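Just so it is clear, none of the values below were taken in a lab; they were calculated from the coordinates. Computed from a prediction, not measured in an experiment: that's the story for all the values here. Neighbour counts run over all protein chains shown; Cβ positions are idealised from the backbone, glycine included.
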Amino acid sequence: MHSRLSKFALPVLLLVSACSSAGKPPVVASSGENAAYAVHYDDELTVATKGIADTRTREKTLSSGFAGYVDQMKKPDWQKVELVIDQSDEAGKSADFAEAENDATAIHDFWESEKGEIDGRVAGATAQKLKEANCSGDVGGTVSWALNDAITKQLQKRLRAKNEAFVEAVKKIMLVLKSGRTDEGYSQYADLLSSDGFAEYRPDDQRQALKLLLLAKAPERSDAVNRAYQIALQRIQSLVDTLAEPADYEMLGVAHLQLEDKPAATSAFEIALKLERARNPQSDLCASLGRRIAQLN
């Protein structure tokens, strides 16, 4: 388990580089020949170099502390610890997190290049107000620290919000279903799966939400339940068409089973088994698919 915690350090430490590469920027003409670019190039290079140095410093601080975190836990449930690690790892890879991280990086870069002048103006305005109130004292350093701290914390909050919105949506649906309001819960599931935002999440995030729906014990049939399954089928089909992963074909088969289409389910399971056998004929997925096919024959 200790090694799991150590391995978890890597995705945390590389979030900036991993998330910021989530999408390709548009191809634009170089600014190298523009005078304004040349004027600001030195300052921007300095900021970028400082950013790399700061990231390395944070990496060393984080990595040196991971071993100590294990010893601080008292009689932990290691299965829950591993679940938290896995979910945190997935959260840091999500498409929404990547988008928010790109925004935060842009804001951070602006702040790093302009904060000297902004700090000076804020400190000057504060000193002027103190003077008008007949107060004395140098509060420039305190004001500058507070401003920097507020911006840093707000950027962190912005990064968390993207992923938390998705998690909270799923949690609310689970609470509705647990309360016995089946049609309401499945209607909310259908709305979540059919939303434009759902398609922007990374495939693993989509899979987790779809598994919660499709692998749960099927309730009594209703229009709301069937609609949720139909939309889930469409989402799984999109993953299959794009990625052709054996596990996605398995989920496609499960979706067909929930819609009581056994021939389509069998076909999906057989394709999944063929693909997985080519990769690893001894895998747990191969065994699971074999059982599913046997049950349908």
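Counting every other Cβ atom within 10 Å of each residue's Cβ, 142, 126 order from fewest to most as 142, 126. Within segment 181-296, the proportion of Cα pairs with more than 24 Å between them is 25 percent. In plain terms, the chain from residue 288 to residue 223 could stretch by 20.4 nm, reckoned as 0.36 nm per residue minus the Cα-Cα distance. Distance between the modelled labels on residue 202 and residue 128, one decimal in nanometres: 4.8 nm (7 Å Cα→Cβ projection).
The relative contact order of segment 179-287, computed from alpha carbon pairs under 8 Å that lie at least 6 residues apart in sequence, is 23 percent.
Shown in residue order for segment 208-222 are the 3J(HN,Hα) couplings computed by the Karplus curve 6.51 cos²θ - 1.76 cosθ + 1.60 at θ = phi - 60°: 4, 5, 5, 5, 4, 7, 7, 8, 6, 4, 5, x, 4, 5, 7 Hz (x for Gly and Pro).
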